[in-house]
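Written below as structure tokens is the structure these notes are about.
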Amino acid sequence: MRMRRKKNLDSRILSHPNYLLFIENEEFYSKSESEKFHLLDTKQIFGNDNPLWLEIGCGKGQFAIETAKQNPNINLIAVEKISNVILDALEIAEKTKPTNCKFLNSSAENLSYYLLDGTVERIFLNFSCPYPKFTYRNRRLTYYRFLEVYKRLLTTGGEIHLKTDNQGFFEFSIQSLSQNGFILKNISLDLHNSNFEGNIVTEYEKNFSSQGKPIYRLEAYIN
């Protein structure tokens with residue numbers, strides 16, 4: 001079911017300049033290659049050169065804001081392509097005032113137009129849409145075309161941390177990551193019944209776990 005567009009959406013999003021870094025509008029796709037670049041100076045944005053973490057598909061921002069709060073010595077950019085959704089995250093950020101968390105309204109495949117290569121220490125993929133139909137597999141955030149973007153963005157030794165409730169998506173991700181040069185570690189087939197410490201529960205995760213669904217998790221890096 002398609003979400004109804006929020007009233008005064010554009011103006012409400014733009015009313016949060018302290019947390020919104022950039023909006024990728026429809027005009028982006030009609031621009032020339034050189035015109036698409038809007039590289040962000042993260043050192044200037046955050047006022048420091050702390051390690052940069054990235055959450056792709058941040059939803060309403062609960063995970064991003066809490067992660068930033070618990071890790072004051074990192075900077076976090078939370079990415080969400082759906083404007084209707086990122087507005088909720090921006091409004092929550094305005095209330096909670098995180099000092100090391102910003103938001104980017106863009107699609108994952110375009111991140112290299114906004115972030116410099118080799119600058120992201122960690123990428124979070126939390127409960128990404130699994131696109132269960134095989135014909136839509138190229139939309140999955142662990143499909144090879146997205147992994148190529150992540151490879152460019154990650155620092156040497158940088159990691160991807162993935163969580164999902166969808167077994168099919170998890171199995172696809174394991175295969176895709178492995179086939180595209182990533183090494184896997186800390187794989188969990190039932191996160192909430194494991195000895196993993198420090199898990200920050202997302203809004204989706206809380207819902208799925210309450211239904212008795214196991215939460216799958218892995219970490220991946222390029223050697």
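The values are calculated or read from the model by the stated rules, or taken from the named source; none is laboratory data. From a predicted model like this one, the values you see are computed outputs, not experimental measurements. A quick note on method: Cβ atoms are made from the backbone with ideal geometry, for glycine too, and the neighbour counts reach across all protein chains shown. Surface accessibility is based on the protein's heavy atoms, side chains included, excluding ligands, DNA and RNA. Shrake-Rupley method; radii C 1.70, N 1.55, O 1.52, S 1.80 Å.
Numbers below:
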| quantity | calculated |
| --- | --- |
| Efficiency of FRET between residue 192 and residue 84 - r from beta-carbon atoms, R0 30 angstrom, step 0.05 | 0.50 |
| Surface share of carbon and sulfur [accessible, 1.4 angstrom probe, percent] for segment 23-151 | 49 |
| Stretch gain in nm, segment residue 22-residue 66, where the contour uses 0.36 nm per residue and the Cα spacing is subtracted | 13.7 nm |
| Among 169, 127, 208: highest mean-square fluctuation, GNM of the chain, C-alpha pairs under 10 Å | 208 |
| Helical contribution to [θ] at 222 nm, DSSP H n ≥ 4, -39,500 (n - 2.57), averaged over the chain, rounded to 500 | -8500 deg cm²/dmol |
| Per residue, in Å², the accessible surface of segment 5-77 once ligands and nucleic acids are set aside, probe 1.4 Å | 60 |
| Positive minus negative residues near residue 192 (Lys, Arg vs Asp, Glu; Cβ under 14 Å) | 0 |
| Separation of the residue 112 and residue 14 label points, Cα + 7 Å toward Cβ, nm | 3.1 |
| Cβ-Cβ FRET estimate between residue 94 and residue 151, R0 fixed at 45 Å, reported to 0.05 | 0.85 |
| Exposure ranking of 216, 29 by accessible area [1.4 Å probe, largest first] | 29, 216 |
| Rg over Rh [alpha-carbon atoms, Kirkwood Rh] for segment 99-223 | 0.95 |
| Computed over the chain, Cα set: Rg, Dmax in Å | 17.0, 50 |
| Accessible-area ranking of 83, 176, 15, largest first, probe 1.4 Å | 15, 83, 176 |
| Accessible area per residue in Å² at 1.4 Å probe, computed on segment 103-223 | 49 |
| Test item: Cα-centred dipole of segment 46-169, Lys/Arg +1 and Asp/Glu -1 on Cβ, debye | 360 |
| Candidate lysines - alpha carbon under 29 Å from residue 36, same-chain residues fewer than 8 apart omitted | 6, 7, 60, 81, 102, 151 |
| Heavy-atom accessible area order for 131, 19, largest first, 1.4 Å probe | 131, 19 |
